[in-house]
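Colleague: Take this structure, written in structure tokens, and hold onto it; I'll ask about it next.
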2 protein chains.
Amino acid sequence: MESREISQAVISRLPRYFRYLGELRDKGIERVSSQELSDIMRVTASQIRQDLNNFGGFGQQGYGYNVEYLYEEIGKILGLNKEHNLIIVGAGHLGQALVNYMNFERRGFIFRGIFDSDEKIQGTQIRGITVRPMQEMESFVRENDIDIAVLTIPKTGAVQVAEQLVACGIKGFWNFAHVDLHVPDHIQVESVHLSDSLMKLSYNILSHGE
Amino acid sequence: MESREISQAVISRLPRYFRYLGELRDKGIERVSSQELSDIMRVTASQIRQDLNNFGGFGQQGYGYNVEYLYEEIGKILGLNKEHNLIIVGAGHLGQALVNYMNFERRGFIFRGIFDSDEKIQGTQIRGITVRPMQEMESFVRENDIDIAVLTIPKTGAVQVAEQLVACGIKGFWNFAHVDLHVPDHIQVESVHLSDSLMKLSYNILSHGE
């Protein structure tokens, strides 16, 4: 894999390529040109070629791309050929929804532990995983080689929990808390700000609709 | 409001300004300079000024920005001073999580109806709203002035449901289905691709970690 820095804009597009190639693969389609991909993905063929060129020349002049090969290569680039051990912090509705989301496990993202400060939820099971108290989180992370922590807790606790987890060797956060996390540079954070997303929709409806 | 097209990149940043200004407001802070905002938001003061200049000059030389005023103005730009009527399509874990997410209601996004094709869920209540069968969706949307449909259903049904709703006058989709929606240009779509987000995190851990 290229060692130079690929822009986050390109990285953001990779999962979408993966998704579309997966669908072509499911349909038994063996090859696809950048123009055909362009038509179904609604991005320019030129952007597709430029994006994929960041990772090596996958296509062949006159042939296009081999779907299976490209799908697997992008999967490897995205780290999907490895298993990831996840914990969920915050077993409310959103946390439960994520644990129950089948797609993640198929991609190698395995939920190993769930933690919550609410004693009424502790001890209950979500998809066979027992909800544990927060006091057990740090040792669990260390002992189970957890690399990703999913934060589905209110913002008031998120920053402190993140700090504790950074100290335990967590590699990345999938952050749903309504706050930005500031962690050391070598720790990755992917935030999903649901409120921001809905507000963006609201703006677009206001400014474009009717 | 300016009628020229503001870039989606700027629009994407607006909710974050709103969030930070809301926190300053909660702390009773009356004014803030672009440099101070820059320090807490970790974006350049120059970008802040440029972004906000798209919507009119909110700041005053030597004074900075009035927090309350800027907060309210950005809120208006985001369409938050209006109420929005939402339906949820798909009453599974994720749909339930969104209905239960308190923040949205405080911002004027009110869930009016919930729909699901699963007969076992129909008739049950989520936060006081009874889950209705899909057959009731179109008339409900027309009769209740629904502007936003939240799609938390599998991808297999999403495209068809979207088409039905476009025909009913829906203004925008908040789409959590694992598929891209292609709707007429005057209908807004904001997609939250959870799998894409997690894959981006996986890539960043692989390429930056250790």
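The values are calculated or read from the model by the stated rules, or taken from the named source; none is laboratory data. None of these values were measured; they are calculated from a predicted model. FYI the Cβ positions are ideal-geometry reconstructions off the backbone, even for glycines, and counts take in every protein chain you see. Please note that ligands, DNA and RNA were not included when accessible areas were found on the heavy atoms of the full protein model with its side chains. Shrake-Rupley method; radii C 1.70, N 1.55, O 1.52, S 1.80 Å.
Colleague: From the list A:L98, A:L80, A:L14, pick out the single residue that is touching a residue at least 24 places away in the same chain (Cβ under 8 Å), within 30 Å of A:V141 (Cα to Cα) and assigned to a loop (DSSP other than H, G, I, E, B). Step through it out loud before you land on a result.
Modeller: Details: A:L98 fails: assigned to a loop (DSSP other than H, G, I, E, B); A:L14 fails: assigned to a loop (DSSP other than H, G, I, E, B).
None of the other options fit; the residue is A:L80.
Colleague: Which condition from (1) assigned to a loop (DSSP other than H, G, I, E, B); (2) open to solvent by less than 80 Å² (accessible area, probe 1.4 Å) is the one that B:E5 breaks?
Modeller: (2)
Colleague: Now for a different question. Among (1) within 14 Å of chain B (Cβ to nearest Cβ); (2) modelled with pLDDT of 90 or more; (3) within 23 Å of B:T156 (Cα to Cα); (4) exposed (fewer than 15 other Cβ atoms within 10 Å of the Cβ), where does A:M102 come up short?
Modeller: A:M102 satisfies all of (1) within 14 Å of chain B (Cβ to nearest Cβ); (2) modelled with pLDDT of 90 or more; (3) within 23 Å of B:T156 (Cα to Cα); (4) exposed (fewer than 15 other Cβ atoms within 10 Å of the Cβ) except (2).
Colleague: I would also like to ask the following. Kindly indicate the residue of region B:80-98 that is closer than 16 Å to B:D147 by Cα and touching a Phe, Trp or Tyr at 6+ places or on another chain (Cβ under 7 Å) and also nearest to the other protein chains (Cβ to nearest Cβ) among those meeting that condition. Explain how you work it out, then say what you get.
Modeller: Step one: of region B:80-98, the residues closer than 16 Å to B:D147 by Cα are B:80-89.
Checking the rest, the ones that are also touching a Phe, Trp or Tyr at 6+ places or on another chain (Cβ under 7 Å) come to B:84, B:86-89.
Numbers: B:H84: 6, B:L86: 9, B:I87: 14, B:I88: 12, B:V89: 15 Å.
Result: B:H84.
Each row is one residue, and each column tells you yes or no for (1) open to solvent by less than 50 Å² (accessible area, probe 1.4 Å); (2) away from chain B (no Cβ under 11 Å).
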| position | (1), (2) |
| --- | --- |
| A:L14 | yes, no |
| A:G22 | yes, no |
| A:R25 | no, yes |
| A:S34 | yes, yes |
| A:L37 | yes, yes |
| A:V43 | yes, no |
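Colleague: So which of B:E105, B:E83, B:E72, B:E68 ends up being farther than 21 Å from A:I205 by Cβ and among the acidic types (D, E)?
Modeller: On the way: B:E105 fails: farther than 21 Å from A:I205 by Cβ; B:E83 fails: farther than 21 Å from A:I205 by Cβ; B:E72 fails: farther than 21 Å from A:I205 by Cβ.
Answer to the selection: B:E68.
Colleague: For region B:106-210, give me every one of the helices (runs of 4 or more DSSP H) that falls completely inside it and has 1 or more residues that are at the interface with chain A (Cβ under 10 Å from one of its Cβ atoms), among the charged types (D, E, K, R) and free of Cβ contacts under 8 Å to residues at least 12 places away in the same chain.
Modeller: Values: elements: B:137-143, B:155-167, B:194-208.
Where helices (runs of 4 or more DSSP H) fall fully within region B:106-210 and carry at least 1 residues being at the interface with chain A (Cβ under 10 Å from one of its Cβ atoms), among the charged types (D, E, K, R) and free of Cβ contacts under 8 Å to residues at least 12 places away in the same chain, they are B:194-208.
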